[in-house]
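One structure is given here, and the rest of the page talks about it.
The values are calculated or read from the model by the stated rules, or taken from the named source; none is laboratory data. Since the model is a prediction, treat every value here as computed from it, not as a measurement. Glycine also receives a Cβ, built like all others from the backbone with ideal geometry; neighbour counts cover every protein chain displayed.
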Amino acid sequence: MKKSLILSLILLFLSFSLTLKAGHYNGFKVSVYITANDVNKMTNSSWLDSTWTEISSRLKVDKVYIESHRDGRYTSEAALSAAKKFFSSKKVEIGGGITYTPESHSGRWETFCYTTPEGRAEVKKIAEYTAKHFDEILLDDFFFNSCKCEHCTAAKGTKSWTEFRLERMRDAAANLVVGPAHAVNPGCKVIIKYPNWYEHFPALGFDLAIEPALFDGVWSGTESRSPAADQHLQAYLSYEIIRYLDNVSNGKNLGGWIDSGGMTYADRYAEQAWLTLFGKVPECTLFEFGGLQMPVGERLKGPWQGTGTSFDWNKLGAGPTLASVASVAFREVDKVYSKLGKPVGIKSYKPANSVGEDNLQNFLGMIGLPVEMVPGFPEDAEVVLLTEQAAYDKSLVDKIRKQLKAGKEVIVTSGLAKKIQKELADIVELRINDNRGFVNDFSYFGKSKEKMLIPQVLYYTNDAWEDIPAHDKGVQGWPLLLQARYEDGSLWVLTIPDSYADLYELPEGVLNRLRSVAGADVPVRLEGPANVCLFAYDNQTFVVESFLDEPVKVKLIVNEPTKQITDLISGAGITPEAAPARPDGFPFFMQSRIWLREPKTTHTFEVEIKPHSFRVFKHG
């Protein structure tokens, strides 16, 4: 009896161990979203088998999402059944998917009307239909409201469109989607995928204050594509939206979602995948099944290929497709994903449903500031970064004052300072109007190649001090970074150029100083040019990724005693440089302020990053 029990326990343990190792990757899953158009083809077993053979021979897939509705058309029951049966036979996990879009008559994306009885009934019917077939449903990111039909304009009344749509979509989420799906299938999990345009959510009805609690999980649209594309999103968004939505949802952010839109080089697709996973979500979804067969020609080969970059074109194999690119990208990040801890960074307070200085945190991320957006004021942080979005909080100045009284630091952008300058006057009296300075000279911190327009932040001499000056022809100047003491703390005003793109043109000296001021809560910081990003974690690991087209040498400043840092991919150890001397030519008063903030012990390491590549290190 005992032998039989022991044998059963051993078999159970082995079975459990095999289950844990069943995935293709170390710590994360790769999934593929299949649109209704392709699912409806899956009654043709020959087409399905040949298509899957082509994709799976190049890319290891753990899970698929099978769509039940898109553009006013349902996937047939026969097609849903055929798809489920096929992927189950291949040991691939299965989930359902919904795209809440009606048939378009304008040639543009349209959403359902959530006002008319007919529209509401159809939304509910789609949720119920899908819940019959799946225990998990992922909503593609069209569960918002852009309708301005006569019924909506009448129902809106005197409310703003933002107020009306937030109210309408809260009701739709609870009573037309989640509630009906759970009623049909009580074990069904309904997950909302939020799109990449998070700054504009409230205006279209996405409610980050309420919805994450209504749904069983959230997903993040990490499609940063190319900054030259129509949304002009910076690469850092693929990481930052993961972090923000995870913080907004109290850890319910279950995955990120990338696509090939706006891809100028194959590396851009790989970068989206890496950044998504550096944000530490357990799954990355590829949109979409049919597109993975897209041939990848030489026009997508970056001129830096062949120099040892993280994405290696030579690993694609013969006749490469988008699936080949994804496979190379995932195999590279698979080497380090499980070694990374929980992300940490400079806390930037963005209240749910707030707007202002759109996407600025992503631009700051691209100049080497590891930003961690949070929906609540981070009282535990030594340094808090506040943009215009924070003005949404009517008690903001009280929270700033409390932080300063505790001897901590608060950095406010010029956009926020202008918006709340009257309320902020109890801490520091500033004058910010609509005048602009045209500058390129930042004194001992260096010069930019081109002049840039900046707001003129005016202050009272000896009440506040220019930390980083910005000059026009050496005659007139304004602060790029201003420091104002308040009791035991400091309020810093960071002047943001009119064009955020000019942040990338700031001299290295300026960028290094900004990183030093803002980096008290981060165990490591970098020194070097813009378009090199830093991602830090709570287990002494960190990632440095370059988006430059040429190799770059950067310095890494570790704020703890350490004899070396170790490259976690190559295993090579790197020893620190000799302690740096104080910069030449700095006035004595400036030296004292700069060096006062340095930790007692720092170690500097110089490393080279290949173009469009990343390196992962551990210190200590």
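Just a few scattered comments:
- Only residues that are without any contact (Cβ under 8 Å) to a residue 60 or more places away in the chain and not polar (S, T, N, Q) were counted across the range 483-500, and they come to 3.
- From the list 291, 302, the one residue that fits, being surrounded by fewer than 20 Cβ atoms within 10 Å (Cβ to Cβ), at pLDDT 95 or above, over 21 Å from residue 257 (Cα atoms) and more than 17 Å from the chain's Cα centre (by Cα), is 302.
- So residue 530, is it among the small types (Gly, Ala, Ser), surrounded by 18 or more Cβ atoms within 10 Å (Cβ to Cβ), more than 24 Å from residue 227 (Cα to Cα) and at pLDDT 95 or above: no
- Residues located in the range 550-581, provided they are in a strand (DSSP E or B), of a type outside the set (Val, Ile, Thr) and within 21 Å of residue 532 (Cβ to Cβ): 553, 555, 556, 567
- Residue count for the range 309-354, restricted to those that are part of a loop (DSSP other than H, G, I, E, B), over 26 Å from the mean Cα position of the chain (by Cα) and surrounded by fewer than 20 Cβ atoms within 10 Å (Cβ to Cβ): 4
- Any hit, the range 444-467, residues being in the same structural domain as residue 387 (by TED's automatic domain parsing), at pLDDT 95 or above, part of a helix (DSSP H, G or I) and buried (at least 17 other Cβ atoms within 10 Å of the Cβ): yes
- Matching residues in the range 281-298 - criterion: being out of contact with any helix residue (DSSP H, G or I) (no Cβ under 8 Å at 6 or more places or on another chain) and either aromatic (Phe, Trp, Tyr) or under 12 Å from residue 267 (Cα atoms) (or both): 287
- Test: residue in the range 406-420 that is acidic (Asp, Glu) and in a strand (DSSP E or B): yes
- Criterion: under 32 Å from the mean Cα position of the chain (by Cα), farther than 22 Å from residue 518 by Cβ and not small (Gly, Ala, Ser) - qualifying residue of 449, 473: 449
- Test: residue in the range 389-397 that is out of contact with any Pro (no Cβ under 6 Å at 6 or more places or on another chain) and not in a helix (DSSP H, G or I): yes
- Among the residues examined, residue 552 does not qualify as touching a strand residue (DSSP E or B) at 6+ places or on another chain (Cβ under 9 Å) and crowded, with 23+ Cβ neighbours inside 10 Å.
A quick yes/no check of all residues on (1) closer than 15 Å to residue 207 by Cβ; (2) without any contact (Cβ under 8 Å) to a residue 12 or more places away in the chain; (3) in contact with a helix residue (DSSP H, G or I) (Cβ under 8 Å, 6 or more places away or on another chain); (4) not assigned by TED's automatic domain parsing to the domain that holds residue 257:
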site	(1), (2), (3), (4)
109	no, no, no, no
114	yes, no, yes, no
128	no, no, yes, no
133	no, no, yes, no
150	no, yes, no, no
173	yes, no, yes, no
181	no, no, yes, no
185	no, no, yes, no
